[in-house]
1. For residues that are free of Cβ contacts under 8 Å to residues at least 40 places away in the same chain and not aromatic (Phe, Trp, Tyr), tally how many sit in the range 11-28.
2. Taking into account only those residues within the range 216-231 that are crowded, with 21+ Cβ neighbours inside 10 Å and among the hydrophobic types (A, V, I, L, M, F, W, C), which is farthest from Gly49 (Cα to Cα)?
3. Test of understanding: among Leu135, Leu211, which residue is of a type outside the set (Asp, Glu) and without any contact (Cβ under 8 Å) to a residue 24 or more places away in the chain?
4. Would you pick out the residues in the range 131-177 that are in a loop (DSSP other than H, G, I, E, B) and basic (Lys, Arg)?
5. Can you work out which of the residues in the range 47-95 that are touching a helix residue (DSSP H, G or I) at 6+ places or on another chain (Cβ under 8 Å) and among the hydroxyl-bearing types (Ser, Thr, Tyr) is modelled with the highest pLDDT?
Amino acid sequence: MTAQTDQTKCALQICNASKRFGGNTVFREISLSLESAAIKGVIGPNGAGKTTLINITSGQLMPSSGAIMLGNQDITNEPLHVRSQLGIVRSFQQTRTFKNASVAENLDRARLFRPHRPATINNYIAELIEKCGFLGRMDQASDTLPYGLQKMLGLLMTLVAQPKILLLDEPAAGLEKQERYLIDLFVQVARAHLGCGILIVEHDMELVKRLCPYVYVLDRGQILAEGDPETILRRKDVIEAYLGVSKEEEIPVDA
């Protein structure tokens, strides 16, 4: 194992991070880690602080206390554009594209978020373009695409930026069930070709169980549980956090 591998084994660390808005504490003293090429999930009921966690990790918001480390580098006070240049890239729950620009122009603009900007699209991006159904639509304005394709275009743009850490905020939100296999394909390609660590915030429990060998459960601003999803989703306290009841029930697939 090389020295570089030792330094990047734990690619991202969130250390005792808290976030407050005035007198409202969204979460407090949260710690989690993400290794290179690892896929981990963050689940929890609505209002648990999941998107805020993505926001402070990406640099869209700053934590009120605690630290965020990228390898051995403290990036706690670095803004969004600096973190994106360092390799932390996020997606959004809703579609985020350049609305009036074509699919091809959107992918080209995404290259601006990476330090090295090759003139051509990588082969694995071209493969996803075909499998997602963009062939014949490359000149089409993104805001005229069906919602599912707008969502997938936003995800493709994150890959074009070649992340070291990929933060996916509810990637399956708004997709039809028959479209959700594309998320699996997207994650597999990102891991295989970029080796990036992937943190997925998601409500689709079947997707989480398929893709995430390890999950964190966030509830009321704290990590309630962590471990493999099959075990975690059977815990009584996790079921109660989702359903607000004490009886033994399965957490719905689309909780």
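The values are calculated or read from the model by the stated rules, or taken from the named source; none is laboratory data. None of the values given here were measured: they were computed from a predicted structure. With ideal geometry, Cβ positions are generated from the backbone for all residues, glycine too; neighbour counts draw on all protein chains shown.
1. Residues flagged as free of Cβ contacts under 8 Å to residues at least 40 places away in the same chain and not aromatic (Phe, Trp, Tyr) within the range 11-28 amount to 3.
2. Val217
3. Leu135
4. Passing the criteria: Arg137, Lys164.
5. Ser58
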